[in-house]
Amino acid sequence: LNLLTAEQKFKRLQAVQSLEAKLLSPPLHPTVLALALPHLVKPLLKRFEDPVERVRDTAIGLLMQLLEKAADVDQVMEYVLPVTLERLRPAIDETKLKRPDQPSLAPVLPPELRHSKELETSEEVRVKLLKLLRVVLVPRLNPMTSMQFLADITGCIIRGCIDSLRQEPCGRKECQMSKSPAFPSTCVSFSPAMNGSSSDGTRTGAPSGC
């Protein structure tokens, strides 16, 4: 864990690979992994913004496997979900934003629809982040945690659907939350925790998509 913050990039990569070998080859018991996650998650999340693409990619892959195999991840969701969404946000150039003294009749687009540089520059890493969001994080959301992240998740879906990456698997494919059992088949979808369904399956009037 200490080597995850080493100055040398090869040591940081070795640290992630070593953790993967110790924890997943063979995998520890799901309960043991759940107990270890709180000690592992913060150091690994810091590697999500590592300057080296391979370190970011490997760290995301390791954390995704740990979350899939652990018996309980609720205690670390409050850290993993915000960091994942943050890495999928666009890097907006503040110098190009219209100031109040520059009036315009054009509507102000929300951040998720503005043409801007991606915060995560690697297409492959963006795909992996979207997969982490779709496969591991979103299906585990509950009504209490879902609503506060709804705008950010929707923004990730929209940006993923217009991602410049053309090859498969691509951002467009991974952003389709309809592939997740937590989402209905709509272009911008909400999980059952978000869509206003009651326990008997009837609708309560909340939107299901756009």
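Values in this text are rule-based calculations from the coordinates and carry no lab data. These figures come from a predicted structure and were not determined experimentally. FYI the Cβ positions are ideal-geometry reconstructions off the backbone, even for glycines, and counts take in every protein chain you see.
Arrange the peptides 20-27, 63-70, 152-159, 50-57 so that the one whose residues have, on average, the most other Cβ atoms within 10 Å appears first. Working shown, then result.
Values: 20-27: 11.8, 63-70: 20.0, 152-159: 22.1, 50-57: 16.6.
Descending packing order for the listed peptides: 152-159, 63-70, 50-57, 20-27.
Using 7 Å Cα-to-Cβ label points, what is the LEU150/HIS29 separation (nm, one decimal)?
It is 4.1 nm.
Between GLN8 and ARG54, how many nm apart are label points set 7 Å from Cα along the C-beta direction?
The two pseudo-label positions are separated by 1.4 nm.
If a paramagnetic tag sat 7 Å from the Cα of SER122 along the Cα-Cβ line, which residues of segment 38-67 would have the backbone N under 12 Å from that point?
47-62
In the structure displayed, which of LYS11/LYS128; LYS11/LYS69; LYS46/LYS128; LYS9/LYS131; LYS42/LYS69 lie more than 20 Å apart, Cα to Cα?
Check vs 20 Å cut-off fails for LYS11/LYS128; LYS11/LYS69; LYS9/LYS131.
Below 8 Å, C-alpha to C-alpha, sequence gap of six or more: please give me the relative contact order for segment 1-95 in percent. Each step should come with its number before you reach the end.
Working: 75 pairs, mean separation 28.7, N = 95.
Rounded, it is 30 percent for segment 1-95.
Sorting check: for 82-89, 30-37, which peptide has the highest mean count of neighbouring beta carbons within 10 Å, and how do the rest follow? Don't skip to the answer; put the middle values down first.
On the way: 82-89: 19.0, 30-37: 16.4.
Taking the mean over residues of other Cβ atoms within 10 Å, the ranking is 82-89, 30-37.
Below 8 Å, C-alpha to C-alpha, sequence gap of six or more: please give me the relative contact order for segment 35-90 in percent. Please list the in-between numbers first.
Working: 29 pairs, mean separation 23.0, N = 56.
Normalised by residue count, the contact order of segment 35-90 is 41 percent.
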